[in-house]
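Written out below as structure tokens is the structure these notes cover.
Coordinate-derived values only; no laboratory data. These numbers come from a predicted model, not from an experiment. Cβ: placed from backbone, ideal geometry, glycine included. Neighbour counts: every protein chain shown.
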Amino acid sequence: FVNGERSNITTGYIGLMSMVDFGYAGSGCTLSTNMNSIGNVCMSNNWIGYSNYQWSITPKSSNTYFVWLLGLGETGAFANANAAKLRSGVRPVVYLDSSVKITGGTGTESNPYILTK
């Protein structure tokens, strides 16, 4: 699953979170090809958090009109849906070069992170 997702190349710096990104943020989460079987494990103890539906950037391998969603309310399972037919939330992510460091702030709205290169 990870290798398949990484084969999708983008040159942008702002996008949507991938399912692999979400998986890496959860403790006890093992990535597999069956996303529905690991959803609850990845949702618990995940520092990213979730609420209701959120689109990922990860297309379903067998039908690229369908995209993986995460954070399905209380069930915690992953699902996929037709991206053209379902309204859902998004969580933008920003790519940072490895030389960028957090030099201040706490990451809140009133005290945002200060980044330096």
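Quick notes
- Taking the average, over residues, of other Cβ atoms within 10 Å as the packing measure, peptides 79-89, 15-25, 98-108 rank 15-25, 79-89, 98-108 from highest down.
- Remark: the Trp47-Tyr24 segment gains 7.3 nm on full extension, using 0.36 nm per residue and subtracting the alpha carbon distance.
- Partner lysines for Lys85 [C-alpha distance under 17 Å; skip if fewer than 8 residues away on the same chain]: Lys60
- Around the amide H of Val93, modelled in the peptide plane, lie the amide H atoms of Gly15, Leu16, Met17, all under 5 Å away and 5 or more residues distant in sequence or on another chain.
- Separation of the Thr103 and Asn82 label points, Cα + 7 Å toward Cβ, nm: 5.1 nm
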